[in-house]
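Inspection log for the structure reproduced underneath, given as structure tokens.
No lab work stands behind these numbers, since they all come straight from the coordinates. This structure is a prediction, so every number in the text was calculated from the model and none was measured. Backbone-built Cβ (ideal geometry, glycine too); neighbour counts: all protein chains shown.
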Amino acid sequence: MIKNYLRKVLVLLILITWCNTAHPQSESNHAIYIGNDINAGNYLGLDFNVNYAYLEKYSLRLGYSWNVRKAETQPYDYSAGFFKTMLLGLGSPADQLGNLQLAAGRIYKLNNKGTIRANLSLGLGYTTIKEPGNWQRTGSHLLKENYTWDYDKYHTISLIINPKIEFPLTRFFGLSVSPMVQLNKDRVYLGIGVGHIFGLLRDRYEPAQDGNY
């Protein structure tokens, strides 16, 4: 139920973002933009998020992150076989961590132009954990895997700590660096992401009339 509700909110925010891109906003109090990150830590993965900023001071973020790592239960003699090796391991067993997350935060400008800012946020995530188990050896094979397995899947709630340093290089495009901590009763993710942001990011900078910046 929670997952379906958050998905509907995510779709709504994406539609609003598209409308704002197609029709420039006349008010600077509200800004909606999208972020995409590649992250690495004890897992590797991707993060997609839709952000709302009010007065360039308060933020709300809805996003989804997907991370993987080598299966911790993988037998020492597991072999992916020739075909999956040629596909760079795609389809091989892996521990998977998915998070549908909602966070709120505070934005602090780190320079007068607003081209460097800290977006400090805290939130909750609906976490899906998939991990391979029930390994069964099938013998030695050259072309295919030498084990079969089943995925165990379960859900939990995570605390999401995700401060971001954002660099709105223009009003509509920028970069970001984002440490992330995901805490729940079953797993912990620690990592850092780098990516880009686009949409309406900040108000137009107007230098002071006396020429001071």
- prompt: How many nm is it between the label spots at N42 and L175, if each spot is 7 Å from the Cα in line with the beta carbon?
  reply: 2.9 nm
query: Rounded to the nearest 0.05, what FRET efficiency is calculated for K57 and Y154 with R0 set to 45 Å and r the Cβ-Cβ distance?
result: 0.75
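Can you figure out the FRET efficiency of H196 with K130, using R₀ = 25 Å and their beta-carbon distance, to the nearest 0.05?
That pair, H196 with K130, gives E of 0.35.
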query: Which FRET efficiency value, to the nearest 0.05, do you get for E72 and D203 by plugging their Cβ-Cβ distance into 1/(1 + (r/R0)^6) with R0 = 45 Å?
result: 0.40
- line: For F167 and N111, extending 7 Å from Cα along the Cα-Cβ vector and measuring point to point gives, in nm, a value of 0.9 nm
query: Can you pull the Kirkwood radius for segment 49-186, inverse mean 1/r over Cα pairs, to one decimal in Å?
result: 17.7 Å
